[in-house]
Structure formats: C-alpha cells, structure tokens
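Report on one structure; see the data block that follows.
The values are calculated or read from the model by the stated rules, or taken from the named source; none is laboratory data. Everything numeric here is computed off the predicted structure, so don't read it as measured data. As a convention, Cβ positions derive from the backbone with ideal geometry for all residues, glycine included, and neighbour counts pool all protein chains shown. Ligands, DNA and RNA are excluded from the accessible area calculation, which covers all protein heavy atoms including side chains. Shrake-Rupley method; radii C 1.70, N 1.55, O 1.52, S 1.80 Å.
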Amino acid sequence: MKLQQLRYLIAIVRNHLNISMAAEGLYTSQPGISKQLRLLEEELGVELFSRNGKHLSGITPVGMQIIAKAEKILQEVNNIQILAEEYRDDRCGGLSIATTHTQARYALPLVIKGFRERYPSVTLQIHQGSPAQIADLVRTGQVDFAIATESMELFEDLLMMPCYVWRRCVLVPQGHPLALVDHLTLQDVARYPLVTYVFGFTGRSQLDEAFRVAQLKPQVVFTATDADVIKTYVRLGMGVGILAYMAYDPSVDRDLVRLDAGRLFSMNTTRIGFRRGTFLRCYMYDFIELFSSHLTRERICAVENMQTLEEIDEFFVDLELPVR
C-alpha cells in the first residue's frame, strides 16, 4: 500500500467519484488513477467502490471505513510535514482561511494587515463561500481555518471556538420614514420590503426566527451573500436593509442611515475553528489570537482535547466576548 494510492482514493471521494476530475485536480492521468485504485483493491482483497460498468456508482460499507482511516493517515502525514517545516523555519509557510464575505470584508482586514507585518514570508489565502462550502473546505483539508457564524451543525467535526458576538442594524436611505422613529420595533420594520442576507448566511436564521416569534411575515424582496450588494439595493430604493452592524462604513456609507437593531434580533456568535488532530504552527496560533485576543495558545491547546461544541462553549462560559 502506498501513500499515493491513498491520496488518489481520497481525491476520488472529494470529486464525487469522478476519476477524471480527480486526475485533473492531481495533475495526473485518469488511467493512472484507475490502475492504482485497482491495485489497491487487489492488495486489500475488497472492493472500495460499487460500479456501474466502468463508472463508480457508490462507496461500499468497507470502503467507507477504509476511506475514513485513509483520511486520518494523510492528515498525520501532513502534520509530520508541517512539524518538519516548523523546525526548519517557523516564520515561513502558508495559511488558508474559508469564511463569508462579511467576515472577509469587515472583520479580517486589520487582522490580516497585522499578521502580514509580523509574518511577511507566510503566504495567506482567503476563500469565500457559504457555511456548507466553508465547512467542507476545512473538513477536507483544503484550508486551515473556518470562520463562520451560521449553521454550526455543519461544523460538528471541527473545533469551533467563540470569537465575538455581533448585532444587526437596519439600513435606510437619508429621509426614510424609519430614520425618524425614536424606538424602532419589528412591526415598524415589517411594514417595508426588506433586503437582507441569503438564508444560511451571517445570522439569517436568527432574523427569520425573530419575525416568526413576533408573528410577523416580512416581505423579503431581495437577498444576497454580500453586504455591499445589499447596500447597493437599499440605495436603489428596493427596500430596507438588514445586515451586520459592522458592515456599515461611516466614511463610505454617509448617504445611508444606520439604525441599531440590537434589541430586535438576538446576538450572533462568530467562531473560528479547525480540524481535530491538526498540527498548528506558531504563526497559526498567533493569527487566531490576533483575530480574537482571548483565544490564547493555552486556551486553544485546552480546546484541542474537547469533543463537542457544548463542551467548548462551557469552557468559555465565564468569558465576556467582545461585541461588534
């Protein structure tokens, strides 16, 4: 059995059993992967995939178990390589992050600026996506860290630590009737068409829950994953915007009025996390602490031995998270 065969095996699974796509991603040939898969199955004496003619149609029960172990083996191989790099030069390497547009645009710039000043030789990549895409990128080892707020059930096999809580705002053009309301209510907001996040992004589920509890049916006329797109359509008069409070830029959005909606909707917790068993380099610990100062190396090491999100939250229960 060879490590390369295990890499081919995992690549096939990640490409939805499409060997041609796996070969393209690994810069090798489809016949070469097919041959190595056949040799691996012959050596093990079991079929890892069910087949429909020449095409893979599913994963066999024993294949599921072997694939799970192969993923752990490759993760440990990667950890060995990272450990060696750490001893060769602890200020060089790479760091990749998967997150939403709001985090990338409004929460991360100063953190990344400070990190780049401290570690100029570390290459940094940021991938934007939905919660499901973010979770999958980290779970499959394509990125190091996930930063997310929504759909924590997708991150159950990751170690997700609380960073900060944030509130929402209601955004309207200058002169809008809501800008004159002294004590904004959900009933006030529900009278107007709404422009907000796509469901599953940036705390959208809490927003919908607030209207449901108040027995109101909001008229959502436009949704987007990008806070800047939401602001564009507020400017066009399409509706009242509901977005993260931190997504309002006073220097750029002077033509819009930001109304604090912290009392109308529950707070959201943004978390940063990584795969269990991941070897974190020194600069990775530093990045997490730059993003959230209470996540010290000591606390992160304590979290690495925890099994559930509830256990992690209990560990941080006495900590007052910053509000944004």
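Every residue in region 235-246 that is touching a residue at least 60 places away in the same chain (Cβ under 8 Å) and closer than 20 Å to V221 by Cα, please. Let's see the steps before the verdict.
If we filter region 235-246 for residues that are touching a residue at least 60 places away in the same chain (Cβ under 8 Å), which is where we start, we get 235, 237, 240-246.
Result: R235, G237, V240, G241, I242, L243, A244.
Only residues in region 23-35 that are closer than 18 Å to K2 by Cβ count as the first member; pair them with residues that are at pLDDT 90 or above and open to solvent by 50 Å² or more (accessible area, probe 1.4 Å), Cβ under 6 angstrom, at least 6 apart or cross-chain, and list the lot.
Between residues of region 23-35 that are closer than 18 Å to K2 by Cβ and residues that are at pLDDT 90 or above and open to solvent by 50 Å² or more (accessible area, probe 1.4 Å), the close pairs are A23/S29; A23/Q30.
Mind checking which residues of region 123-157 are part of a strand (DSSP E or B) and either open to solvent by 10 Å² or more (accessible area, probe 1.4 Å) or at pLDDT 95 or above (or both)?
Selection gives T123, L124, Q125, I126, H127, Q128, F145, A146, I147.
Note down all Cβ pairs under 8 Å where the first residue falls in region 267-285 and is without any contact (Cβ under 8 Å) to a residue 40 or more places away in the chain and in a helix (DSSP H, G or I), the second is open to solvent by 10 Å² or more (accessible area, probe 1.4 Å) and of a type outside the set (S, T, Y), and they're at least six residues apart or on different chains.
Partner pairs satisfying both residue conditions: Y285/R297.
Identify all residues within region 231-250 that are part of a helix (DSSP H, G or I) and more than 13 Å from P173 (Cβ to Cβ); write none if there are none.
Y245, M246, A247
Which of the residues belonging to region 158-180 are surrounded by 14 or more Cβ atoms within 10 Å (Cβ to Cβ) and not in a strand (DSSP E or B)?
Matches in region 158-180: R167, H176, L178, A179.
Quick one: is E47 acidic (D, E), open to solvent by less than 70 Å² (accessible area, probe 1.4 Å) and more than 30 Å from the chain's Cα centre (by Cα)?
Details: acidic (D, E): yes; open to solvent by less than 70 Å² (accessible area, probe 1.4 Å): no; more than 30 Å from the chain's Cα centre (by Cα): yes.
Taking the combined requirement at face value, the residue does not satisfy it.
Starting from region 135-150, take each residue that is over 21 Å from L295 (Cβ atoms) and list its partners that are among the small types (G, A, S), counting only C-beta distances under 9 angstrom and pairs at least six apart or across chains.
Qualifying pairs under 9 Å: D136/A98; D136/G129; Q142/S96; Q142/A98.
Yes or no, residue by residue, for (1) assigned to a loop (DSSP other than H, G, I, E, B); (2) modelled with pLDDT under 90; (3) over 23 Å from the mean Cα position of the chain (by Cα):
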position: G200; (1), (2), (3): yes, yes, no
position: Q206; (1), (2), (3): no, yes, no
position: F211; (1), (2), (3): no, no, yes
position: L216; (1), (2), (3): yes, no, yes
